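This report concerns only the one structure given below.
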Amino acid sequence: MIDTLFLQVVGGALLLLYGVRITGQGFELAFSARLKGWWSAPGGSRPGWFGAGFLGTSLLQSSGAVVTLLISFAEISPLPLAQSLSVVLGADLGSTLTVQVLSFRIYQYAFPVLSIGILLYLWGRKPKVRAVGQGVVGFGLMLLSLTFLSGAAAGVGQVASLRSLMTDLGGAPLVAFFWGVVLSALFQSGTAVMVLMIAFTQQGVLPLPAVLPLVLGANVGGSSVAFMAASGLAAEGKRVAWGHVLMKTAGALLFLPFFSLTQEVLSRLSPDPSRIVANAHTLFNLTLSCLFFPLVPRLARGLAGMFPEKKDLAPRGKPVYLDREHLPVAGAALGQVAREIIRMADMIQEMHEMALQAIRAGGEEIAGRIRQRDDELDQLTREIKVFLSALGEGTLDSEQTQRAVAYIAIVSDLENIGDFIDKTLGDHVRRMAERNQRFSEEGAKELESFLKDVEEMYREAVSAFVTRDVKAAEIVIARKKTIGQMERELRIAHIRRLQKGTPESLESSAAHLDILSSWKVIASHCAAIAYSVLQMEE
């Protein structure tokens, strides 16, 4: 009998873990871009960020998934640490909704939920609809696993030795806390442990005095998901992960001395044992939010001291974040590449600003600075490509392979943009300075306007890469046509000045037309970066 019960519990637990996993994956595919947009939106406040974390977990059904997504986002485009920690607190509180829903005996609706999810997944025309369907299927599997686990728990209650083992947990809160930590870390999901507890308390197998210590331990162990996600990443990701671990651990340690009093309060709130599990989980995370929300700025300063930012002491042409020790960890290595791509993008942004100065003032000095920056950009490009080639020698899953291919394409596009700025504008400005030539006043204004429009398109493309925002990428691609039309109009305007015999226009004609053509090509590379973002999100 014990062998059969063991198989039922293990099978139900594995089904539960699978349901939790595909629920998070499905809803992450559907809503991750929207979440990143919320996090990166300017002008936010700590209550707003807390709400974004709460809603994020409501959508993804997993605080671990939200925190992991936040860490990966911080790795590419660091958010203020106080903002990230506010999101984490909101995500933890939002995770209690799933447990609250599952604590009501709704597992009899498992098959209707599964049916809806399968219909959405198989016949949904849009990728987002199919992703939502996958998430609904996962939730249905969680309900189905709860049915199996409840049946297995009833069998466990009939075995005297197992019942005695469960009863002993009620008299040893520290042991129960430890088991909560271990199970949650092993499952990589606090929610999965909560569902197991609901199944066993519904059958009266798990004693109530063991509930709160197990809930506290499961919350602490669940934070290991974020800790593992930040392994090998830069300081920003580690700060978020450690902040999550420290808040959970400190909150649990504060609760443990008062677990008898808290148990009494929970029993009065609801006599249903499974509701006690859900209420304990909610009470802990609500208390955690009330306790740490006012302290978030101080905690952020402390974490900044614990994990200081890696200073950019390396030459501009050398990588700062690439670390070959992390090549075997594909996720960490790709995160490092993303940070170097952002460095490349910043260098090109400086070249754009120098290009505008060169149009206004000219001079060999600015042209020399542009050439130096392009040389540094070429060196960094080679380093990144070598690193990505070495990464390709390891084992990558399909998503990581897609990211790696997209990163190579984006690096090549950025390198080409730098080459066009240097080889076209830099060379022409240098020759015009030697010949004491300049652009006409009207021509210079037109070039400045065109360069600013392309620069804005470039910034939008980089922003779409940072946030992996599909809509933003589509907007960038749509702008390519507008830039092309603008280039034709400015070319016609320049030809008209030539027909009028404007002296400066005659002298600078070759440079003027080449710059227009080159910045039109730069706009095409910006659109190519946006296409790469779309490919990553397919």
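The values are calculated or read from the model by the stated rules, or taken from the named source; none is laboratory data. All values derive from a computational prediction rather than experimental measurement. When we count neighbours, we look across all protein chains shown, and the Cβ atoms used for this are built from the backbone with ideal geometry, even at glycine.
Key figures for this structure:
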quantity: Filter result (of a type in the set (F, W, Y) and assigned to a helix (DSSP H, G or I)) within the range 401-442; calculated: Y407, F420
quantity: Yes/no for L214 being outside any helix (DSSP H, G or I) and touching a residue at least 12 places away in the same chain (Cβ under 8 Å); calculated: no
quantity: Near pairs, Cβ below 8 angstrom, 6+ apart or cross-chain, from the range 116-131 (outside the structural domain of G19 (by TED's automatic domain parsing)) to any residue that is surrounded by 13 or more Cβ atoms within 10 Å (Cβ to Cβ) and not hydrophobic (A, V, I, L, M, F, W, C); calculated: none
quantity: The range 253-268 residues that are assigned by TED's automatic domain parsing to the domain that holds A210, paired with ones that are surrounded by 11 or more Cβ atoms within 10 Å (Cβ to Cβ) (beta carbon under 6 Å, 6 or more apart); calculated: F255/L216; F259/P173; F259/L212; T262/L212; Q263/L212; L266/I276; L266/N279; L266/A280
quantity: Residue check, K480 assigned by TED's automatic domain parsing to the domain that holds A527, among the basic types (K, R) and in contact (Cβ under 8 Å) with a residue 12 or more places away in the chain; calculated: yes
quantity: Hey, G64 small (G, A, S), modelled with pLDDT under 75 and over 19 Å from V296 (Cα atoms) or not; calculated: yes
quantity: Any hit, the range 502-511, residues being among the β-branched types (V, I, T) and part of a helix (DSSP H, G or I); calculated: no
quantity: The range 357-392, residues that are aliphatic (A, V, I, L, M) and not in a helix (DSSP H, G or I); calculated: none
quantity: Which numbered condition G317 fails, given (1) assigned by TED's automatic domain parsing to the domain that holds G53; (2) of a type outside the set (D, E); (3) touching a residue at least 40 places away in the same chain (Cβ under 8 Å); calculated: (1)
quantity: Residue in the range 389-400 that is among the hydrophobic types (A, V, I, L, M, F, W, C), surrounded by fewer than 16 Cβ atoms within 10 Å (Cβ to Cβ), modelled with pLDDT under 85 and in contact with a Leu (Cβ under 7 Å, 6 or more places away or on another chain) present; calculated: yes
